[in-house]
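As structure tokens, the structure follows; a few thoughts come after it.
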Amino acid sequence: MKPTRLGLLGCGTVGGGVIQLLRANAEYLAQTVGAPLEVARVLVRDPAKERVPELDRALVTTDPEAVLGDASIDVFVEVMGGVDPARGYVERAMRAGRSVVTANKMLLALHGPALLDLAVEKGVDLAFEGSVGGGIPVIRVLRDALASDWVIRLEGIVNGTCNYMLTRMREAGLGFDEAVREAQAKGYAEADPGLDVDGHDAAHKLVVLAILAFGARVDAARVPTEGIRAVAPIDHRFAERFGFTIKHLAIGRDHGDAIELRVHPALVPRDTPLANVNGVLNAIALEGRALGPCLLSGRGAGDMPTAVSVVADVLDVARARRSGFAGTATRAIQMQKRPLLPLGDARARYYLHFLVHDRPGVLARLAGALGDAGVSIEQMVQEGGGGSSGVPVDIVLLTHEARERDLTRALDVIAHSGVAAAPPRLIRIQE
Ligand code: NAP
Ligand code: HSE
């Protein structure tokens with residue numbers, strides 16, 4: 001039986017997992033496709049680097065032409081990451097009539113709609129299950145299982161590195177740098193971990209999810225994005241005291257006339273499912289108009305979980321190609337430009353941290369600025385100070401629901417009022 005030949009673009013954490021999975025399950029995979037899956041060539045940067053032992057070193061090349069120019073290759077698997085040269089390679093493969101499997105959310109967030117258009121034009125598939133949620137089959141659920149419904153909201157813990165770091169910082173008291181080093185050592189972080197900790201990776205994933213959940217072509221640069229650098233140890237402590245856990249969330253809402261997309265740390269009530277998704281686990285909570293709530297959870301990063309998604313895509317596109325249905329699944333993805341709700345119009349409850357000089361009238365100034373902006377305080381705690389006037393103290397306020405624009409106006413007034421010993425910190429509460 002003629003094998004389906006695969007060209008691997010990249011063989012790092014994910015690519016190594018793909019090689020291992022293809023080898024471990026070779027017989028079963030061949031049965032489900034109706035032909036063996038054969039790795040034809042593997043493109044890397046550094047030929048001398050140590051790789052998984054299952055990889056046949058004779059297949060490794062640093063010459064892109066040796067892979068992209070190999071007419072015997074049926075399916076390309078892009079697991080190299082980044083935009084350049086990955087974008088050009090993916091385009092070239094599709095122009096040559098080959099389906100592509102990718103786990104590259106950055107590429108998809110920045111150029112996904114154009115690449116999907118190209119795939120449709122060429123009658124090939126562009127499959128990307130590994131790009132969001134590692135081993136969680138969220139792309140298939142949105143594209144296929146919920147095809148008959150309309151998603152109206154989603155909340156996701158979609159960055160394994162941030163979730164792992166927040167968990168370790170909260171539970172083991174690790175510092176930021178130590179936590180990021182651990183996430184890197186476990187293969188969760190991007191080649192540039194700034195993409196994880198500054199929220200960009202989660203924003204890229206949210207844009208990919210928005211394509212499927214809301215049928216939206218979104219300019220990724222316009223998604224309000226915050227990472228986890230500003231979350232301080234004291235915030236974990238206060239969050240716990242108020243009955244919350246801090247999570248890094250990607251949030252989407254369909255408001256009909258506009259969609260709301262944002263990525264930031266959030267206080268999540270401790271007794272809700274997302275608050276209990278820890279370590280590298282990811283979870284995506286969806287709400288379908290007809291379906292109601294649905295929660296998907298699993299390992300969101302790392303070699304083998306991601307390889308499970310990538311190889312599942314390989315099976316799909318290989319089967320589609322063999323049965324003459326290449327491109328059918330990709331054609332089903334419908335997208336249109338949809339306006340984004342400005343962050344200032346979003347509404348939430350807020351956790352506010354102030355480091356202020358402990359002097360008479362300080363509380364009144366905080367409450368006054370918030371009140372003037374129409375923001376109502378729900379709870380307040382003050383810690384430290386020891387009774388001496390002027391010593392910095394921590395004050396944490398929880399607000400009732402407010403409009404973000406009003407809240408930032410109040411914080412601006414407070415920051416310039418002379419009462420604050422440090423810039424106020426805001427964390428949204430997600431209920
Ligand atoms: P990685 O460990 O850094 O591996 C990247 C691979 O691509 C390496 O083999 C590298 O070669 C090769 N490569 C990079 N640039 C190249 C170039 N210009 N020419 C030739 N080869 C090049 O990255 P990864 O963690 O496997 O991630 C791969 C992709 O999957 C990324 O898009 C990432 O966002 C995505 N992803 C990762 C995870 C995860 O948990 N790691 C999960 C889901 C999705 P060398 O080995 O020679 O350096
Ligand atoms: N760096 C990513 C994360 C890999 O930590 O979630 C999975 O996409």
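Summary of values
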{"read-out": "Label-point gap, in nm, between GLU27 and GLN336 - each point 7 angstrom along Cα→Cβ", "value": "5.2 nm"}
{"read-out": "Simple Cβ-charge dipole of the chain, Lys/Arg +1 and Asp/Glu -1, about Cα centre, in debye nearest 20", "value": "520 debye"}
{"read-out": "Vicinal HN-Hα couplings computed from phi for segment 143-158 (Karplus, 6.51 cos²θ - 1.76 cosθ + 1.60; Hz; Gly/Pro x)", "value": "6, 10, 5, 9, 4, 8, 10, 10, 7, 10, 7, 8, 9, x, 8, 10"}
{"read-out": "Dipole of the chain, positive end: most advanced residue of VAL79, LEU291, ALA109 [Cβ charges, Cα centre]", "value": "LEU291"}
{"read-out": "Other-chain or far-sequence residues with amide H under 5 Å of VAL277's (modelled H)", "value": "none"}
{"read-out": "Degrees between helix 160-172 axis and first principal axis of the chain (Cα, 0 to 90, nearest 10)", "value": "40 degrees"}
{"read-out": "Histogram of C-alpha separations across segment 83-229, 10 Å bin width, %", "value": "11, 37, 33, 15, 3, 0"}
{"read-out": "Cβ-based exposure ranking for HIS248, HIS204, in which fewest neighbours within 10 Å come first", "value": "HIS248, HIS204"}
{"read-out": "Difference of contour (0.36 nm per residue) and Cα-Cα distance, ASP257 to THR272", "value": "2.5 nm"}
{"read-out": "About the Cα centre, charge dipole magnitude for segment 149-258 (Lys/Arg +1, Asp/Glu -1 at Cβ), debye", "value": "220 debye"}
{"read-out": "Rounded tilt (10° steps) of 404-415 against the dominant C-alpha axis of the chain", "value": "50 degrees"}
{"read-out": "Proximal lysines relative to LYS49, as straight alpha-carbon distance under 29 Å, when same-chain residues fewer than 8 apart are discounted", "value": "LYS105, LYS186"}
{"read-out": "DSSP beta bridge pairing in the chain, given as percent antiparallel to the nearest 5", "value": "70 percent"}
{"read-out": "Largest-first principal axis extents, alpha carbons of the chain, Å", "value": "83, 47, 34"}
{"read-out": "Sequence-distant residues sharing a close amide H with VAL52 (under 5 Å, placed H)", "value": "none"}
{"read-out": "Relative contact order of segment 344-429, pairs being alpha-carbon contacts under 8 Å that are 6 or more residues apart, as %", "value": "48 percent"}
{"read-out": "Cα-based convex hull volume of segment 344-429 per residue, rounded to whole Å³", "value": "76 Å³"}
{"read-out": "Semi-axes of the equivalent ellipsoid for segment 139-299, Cα gyration tensor, largest first, Å", "value": "27, 17, 14"}
{"read-out": "Phi to ³J(HN,Hα) by Karplus 6.51 cos²θ - 1.76 cosθ + 1.60 over segment 184-189, Hz, x for Gly, Pro", "value": "5, 4, 8, x, 8, 6"}
{"read-out": "Residues whose placed amide H lies under 5 Å from that of VAL39, excluding near-sequence neighbours", "value": "LEU6"}
{"read-out": "Given charges at beta-carbon only (K, R positive; D, E negative), |dipole| of segment 299-378 in Debye", "value": "440 debye"}
{"read-out": "Euclidean distance of C-alpha centroids, segment 65-106 and segment 340-403, integer Å", "value": "51 Å"}
{"read-out": "Residue-averaged [θ]222 nm for the chain, counting only DSSP H segments that reach four residues, each worth -39500 (n - 2.57)", "value": "-10500 deg cm²/dmol"}
{"read-out": "Dimensionless Rg over Rh [segment 1-116; C-alpha; Kirkwood]", "value": "0.95"}
{"read-out": "In Hz, Karplus ³J(HN,Hα) per residue of segment 217-229 (6.51, -1.76, 1.60; θ = phi - 60°; x = Gly, Pro)", "value": "8, 10, 7, 4, 5, 9, 7, x, 9, 10, x, 10, 4"}
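A short reminder: the numbers here are calculations on the coordinates, not readings from a lab. Treat the numbers as computed from the prediction; the structure is a model and nothing was measured. With ideal geometry, Cβ positions are generated from the backbone for all residues, glycine too; neighbour counts draw on all protein chains shown.
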